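> If you scroll down you'll find the structure; I have some questions about it.
The values are calculated or read from the model by the stated rules, or taken from the named source; none is laboratory data. Since the structure is predicted, the reported quantities are computational estimates derived from the model, not experimental observations. Positions of Cβ are backbone-derived with ideal geometry, glycine not excepted, and every protein chain shown enters the neighbour counts. To get the accessible areas, we keep the full protein, side chains included, count just its heavy atoms, and leave off ligands, DNA and RNA. Shrake-Rupley method; radii C 1.70, N 1.55, O 1.52, S 1.80 Å.
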Amino acid sequence: MVEEIIRIENLTKRYISGIIKQKETYGALDVSFDIKRGEILSLVGESGSGKSTVANMILRLLKPTMGNIILLGKNIKEYKIKKYYENVQGIFQDPYSSYNFFYKVDHVLNQAISHSLSWVDIAEKERIISNTLEIVGLRGTETLGRFPHQLSGGQLQRILLARCLLFKPRLLIADEPTSMVDACARAEILNLLKKLKDKSGISVLFITHDIGQAQYISDRVIVMKKGEIVERGPTNDVFLNPKNDYTQNLLASVPSIYRKWA
Amino acid sequence: MTFEKKILLEKPEEQERSSVSIMLRKVFQAIKLRYKTQFTLIMGLVVLVIILEILTKIPRLSDPFYSYKIGASYASNLPPSWDFWLGTDTGSHDIFVMILHGTRNSIYFGIGCALLSTTLAILLGVFGPFVGGKADTLSSFITNIFMVFPQLPFIFFIASLMKTRSWVTVMIIIGSFSWPWAARSIRSQVLTLRERNFIKVSKMSALGNMRIAFSEVVPNVLTYILLVFCISFGIGIITEAGISMLGLGDQGQNFITLGFVMWYHEPYNMSPHYYNIWISPGIVLVLIYLVFFVIQSSFINTFNPRTRENK
Amino acid sequence: MKSIETNILEEEDSQTKTSLIKQRTTTQKFISNSFLRLVVTKLIFYFIIFFIAISLAFLIPRLVPGNPLDYINQLGSTGLPPSYQEQIRTYMEQLFGLDQPIWVQYWRFLEAFFLHGDFGLSIDLDTPGQPVMDLILPTLPYTLMVAIPTLIITFFLGNLIGAWVGYNETKPRKVIYYIVLTMGAAPFYWFAYVLATIFITQLQLFPPLSTSVPNFAWDWAVLEQIFSHFWLPLILLIMVNTGGWSTGARSMMIYERGSGYILYSQKLGFKESKLRKYAYRNSLLPQFTGLNMNFNNIIGQTLILEVVLNWPGLGKVMIDAFSINDYAMIIGTFVIVIFIIVIGNFLIDISYGLLDPRIRIGGQEG
Ligand SMILES: Nc1ncnc2c1ncn2[C@@H]1O[C@H](COP(=O)(O)OP(=O)(O)OP(=O)(O)O)[C@@H](O)[C@H]1O
Ligand SMILES: [Mg+2]
């Protein structure tokens, strides 16, 4: 049996909104799943189904209301922040808002490298950065020293991916990394994630609302609706033989893409 | 800037130093970068510096009512003339000289006030939301209290109780009461920034909250902070003038401000040509206000990323 | 090593947990549902503020250098007749327990205010030995009769001007807007001099500043005199405070005008007058939140203007007391001013709660 990287148990997030009259919504309700080493797990669902909520909780950017997250057999509350982020990293949907417009794009890389490799010398850091950029298919001379608005969405997203790789993580949370880039860059990013999985054994939690992409990239699929998991299983089982009405509807709404890969 | 240079700036030894110095250096670099592109801002600042420079060149007089025309014996209530540009008052004081002193001191006063209240506003507006938890609740509670806390009556109250008031005391009183609106508006900016992804990215680089607040958030609300500074400056000068005009200002009489000039010439003991006595300090007040307004709006243009990109 | 299947076994357990969560939040809902909650929270909040202010009114005179309260032992220098001196000293010492430890003094101070509404006796030569509260309360209407109309008039006037300019930015409208704005930027006490010169010295529309305002009485002649003094501070405060509202309303209106529903309804051919009404109303509502601060500002401005324009309100009394070191009077006026401000803010908050559907019904929060 393959090694389990992370296990999520009964994860629940309740949002309370309203000033006088309060109202609660469940961003996630009793979500449980696990991810194994070298596996790409897709989290699919319509907008507002709680995918980002789950991702943010795993990335420790949001406190769960209830439930546990266990990384490599240890509850994540027991990890030091620094240690935790050497194991788990993430990229988000909107590449532009992931950069502080006040700084050049190097800023995110420098932040990452000064954290994870603070002891190596400058020349070495430079080499590491350009190597990592090469992995994601970019050249330092073309991207470094520029401001975010001078680069394309696809380039920005790949620099962020490079940033994650600087930590050498075991798990990568990719929250709709492809939905704001053009079709060409989308394919590149998807292939990149696949390559990372195959070559470095990185596990990926791939979040998308695009069933085609999920089908293309993942080993297993989880379908979410209104914060709850409604269906799960190996990719082909779920997509070729959906048991839940919701999943069937999702599939029906994207017939052409589905058929192409089926 | 080339890649190598950027890396050089991020030397590990420097990282060990406090995040404040790193942030300051980065902000300084950023400002240097903008300086090249913005002309109005430089001009505004240059004008300001020149004015301040001229004002400091006025001889410091231990007795502020002592005219620079030493030895000249002149009458009280003189109309404007070549010798006394704005005439003299009932106490034979040269009004023009008083206004020069008043202008300089009012500007100093305003800057001091603005520094104090902007610092307080940043502390409560930026760090509150970033430390989070109890500190956040506390800072927003304090802001809310000060928000409705009547500052003018309170300033009146303290000032009228103090037997000996120096201008520093008055400055501290005004400065420590005029920040809440600024803290609140900075806070609301910070709250929207806090949800941006780049904050999440910094968090995933395991940076501390303080470090993130300084290096990621503060540069983004810099325009806002400068705006707050300029407005606080205006509030400081005008409040001080109002208080001094009622005779609640500095008591040492070594620190004439524009308000003091007006108080000294309150309409009850009018001299025959008293209009130019109180009109001129008021006009100077409005002018100072306007200069800072221009600087403030050019700041907005300079630091707004949208206008920057078009360059 | 657990896999997905084992989760099914735990399902029962987690279901009870979630139902527990749901149960708790329904009870929470019940409490938070009412408008009463707003009233109670605000009541507590403003009471805390008032309490802090009262405590400061007690503490500051004892903290500043040259303890002002020593004046009671130096009444000889005030020129009061000795019988008054004796009366005032014994009364104040007894009321505030000035020879007792500080916490007893504090307790006495709170007691004196909350139970008896008493701040001691005045040492003013015109009104020696009178309770300061009796001197302060008659001045209260004078301050309020200027401040409250100003608040209401400027709110509507300023917002209407701002919205009117923002709705259709033609040249003449903009000129009016900038005039209003400039008036708001001028220092108001200085502006008072300007207006006094124009209206009193030059046009002689109002009585001179040196004539004093008579005490209130139900008599036509007296009322006429009072009102002849009343217009100048009112006009002035209105001119100074309109600008602030206009800026806000203008940008709100520009935002409204650009927002989807107006453009859409225009395309659908809705009546212009109806649209304008909606746009005005929507750009007015957010402005209500500014009322609190504006109320505080107006009260502060009124206090200063009363001195400049010789209007017999709280500010005038306070400054008069300051010039003769009548500390009982200073403390008394301060507390009364705070009291007005706290009550005013409370009422504003409550009426805002009644107006805003988001507070009335409850909605999204970040
Ligand atoms: N801060 C918040 N306060 C209140 N409710 C929230 C908050 N954040 C998210 N929600 C709610 O939680 C639910 C899940 O949101 P989430 O962002 O996780 O959805 P998502 O699946 O990522 O959607 P999308 O595909 O649009 O990104 C939504 O109904 C949303 O309204
Ligand atoms: Mg999402």
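> Can you name the number of the only condition in (1) in contact with a helix residue (DSSP H, G or I) (Cβ under 6 Å, 6 or more places away or on another chain); (2) at pLDDT below 85 that A:Ala123 fails?
Against the list (1) in contact with a helix residue (DSSP H, G or I) (Cβ under 6 Å, 6 or more places away or on another chain); (2) at pLDDT below 85, A:Ala123 comes up short only on (1).
> Among the residues of segment A:82-93, is there at least one that is away from ligand 1 (no atom under 11 Å from the Cβ), free of Cβ contacts under 8 Å to residues at least 40 places away in the same chain and within 17 Å of the chain's Cα centre (by Cα)?
Yes, segment A:82-93 contains at least one residue that is away from ligand 1 (no atom under 11 Å from the Cβ), free of Cβ contacts under 8 Å to residues at least 40 places away in the same chain and within 17 Å of the chain's Cα centre (by Cα).
> Hey, another quick one. Residue check, A:Ile35 against (1) away from ligand 1 (no atom under 16 Å from the Cβ); (2) in a loop (DSSP other than H, G, I, E, B); (3) open to solvent by less than 20 Å² (accessible area, probe 1.4 Å); (4) farther than 23 Å from B:Phe214 by Cβ, all met but one. Which one?
Of the numbered conditions (1) away from ligand 1 (no atom under 16 Å from the Cβ); (2) in a loop (DSSP other than H, G, I, E, B); (3) open to solvent by less than 20 Å² (accessible area, probe 1.4 Å); (4) farther than 23 Å from B:Phe214 by Cβ, the odd one out for A:Ile35 is (2).
> For segment C:107-125, how many residues meet the condition of being assigned to a helix (DSSP H, G or I), touching a helix residue (DSSP H, G or I) at 6+ places or on another chain (Cβ under 6 Å) and surrounded by fewer than 19 Cβ atoms within 10 Å (Cβ to Cβ)?
Narrowing segment C:107-125 to residues assigned to a helix (DSSP H, G or I): C:107-116.
Retained after the next criterion (residues that are touching a helix residue (DSSP H, G or I) at 6+ places or on another chain (Cβ under 6 Å)): C:108-109, C:112.
Subsequent filtering for residues that are surrounded by fewer than 19 Cβ atoms within 10 Å (Cβ to Cβ) retains C:108, C:112.
Number of matching residues: 2.
> Wholly within segment C:224-311, which helices (runs of 4 or more DSSP H) include no fewer than the required count, namely at least 2 residues that are modelled with pLDDT of 85 or more?
It comes to C:291-308.
> Checking the structure you have, find out if any residue of segment A:98-120 is more than 23 Å from A:Gly154 (Cα to Cα), within 16 Å of ligand 2 (Cβ to nearest atom) and either more than 17 Å from the chain's Cα centre (by Cα) or more than 11 Å from every other protein chain (Cβ to nearest Cβ) (or both).
no
> Could you list all residues from segment A:52-93 that are open to solvent by 40 Å² or more (accessible area, probe 1.4 Å) and either charged (D, E, K, R) or in contact with a Pro (Cβ under 9 Å, 6 or more places away or on another chain) (or both)?
Result: A:Arg60, A:Lys63, A:Lys74, A:Lys77, A:Glu78, A:Lys80, A:Lys82, A:Lys83, A:Glu86, A:Gln93.
> Got a number for residues in segment A:70-122 being under 27 Å from B:Leu193 (Cα atoms), among the polar types (S, T, N, Q) and in a loop (DSSP other than H, G, I, E, B)?
Counting residues in segment A:70-122 that are under 27 Å from B:Leu193 (Cα atoms), among the polar types (S, T, N, Q) and in a loop (DSSP other than H, G, I, E, B) gives 2.
> Given the conditions (1) among the small types (Gly, Ala, Ser); (2) free of Cβ contacts under 8 Å to residues at least 24 places away in the same chain; (3) in contact with a Leu (Cβ under 8 Å, 6 or more places away or on another chain), which single one is not true for A:Ser32?
Only one criterion is unmet by A:Ser32, namely (2).
> If I filter segment A:62-69 for residues that are under 17 Å from the mean Cα position of the chain (by Cα) and over 24 Å from A:Gln157 (Cα atoms), do I get at least one hit?
Checked against the condition, which is being under 17 Å from the mean Cα position of the chain (by Cα) and over 24 Å from A:Gln157 (Cα atoms), segment A:62-69 yields at least one hit.
> Please pick out the residue among A:Ile189, A:Ile207, A:Ile129 that is within 16 Å of ligand 2 (Cβ to nearest atom), modelled with pLDDT of 85 or more and of a type outside the set (Ser, Thr, Tyr).
Numbers: A:Ile189 fails: within 16 Å of ligand 2 (Cβ to nearest atom); A:Ile129 fails: within 16 Å of ligand 2 (Cβ to nearest atom).
Being within 16 Å of ligand 2 (Cβ to nearest atom), modelled with pLDDT of 85 or more and of a type outside the set (Ser, Thr, Tyr) holds for just one of A:Ile189, A:Ile207, A:Ile129, which is A:Ile207.
To keep it simple, each residue is scored yes or no on (1) farther than 30 Å from A:Ala162 by Cβ; (2) within 16 Å of ligand 1 (Cβ to nearest atom).
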residue: A:Leu196; (1), (2): no, no
residue: A:His209; (1), (2): no, yes
residue: A:Ile217; (1), (2): no, no
residue: A:Val223; (1), (2): yes, yes
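> Tell me which residues, restricted to segment C:328-356, are more than 11 Å from chain B (Cβ to nearest Cβ) and surrounded by fewer than 21 Cβ atoms within 10 Å (Cβ to Cβ).
Hits for segment C:328-356 are C:Ile343, C:Leu347, C:Ile350, C:Ser351, C:Tyr352, C:Gly353, C:Leu354, C:Leu355, C:Asp356.
> Regarding segment A:158-172, can at least one residue be identified that is among the aromatic types (Phe, Trp, Tyr) and either away from chain B (no Cβ under 11 Å) or closer than 17 Å to A:Ser200 by Cβ (or both)?
First, the residues of segment A:158-172 that are among the aromatic types (Phe, Trp, Tyr): A:167.
Now drop any that are not either away from chain B (no Cβ under 11 Å) or closer than 17 Å to A:Ser200 by Cβ (or both), which leaves A:167.
Yes, the conditions are met somewhere in segment A:158-172.
> If you go through segment B:148-176, how many residues are touching a residue at least 24 places away in the same chain (Cβ under 8 Å), hydrophobic (A, V, I, L, M, F, W, C), within 7 Å of chain C (Cβ to nearest Cβ) and over 17 Å from C:Ile304 (Cα atoms)?
1
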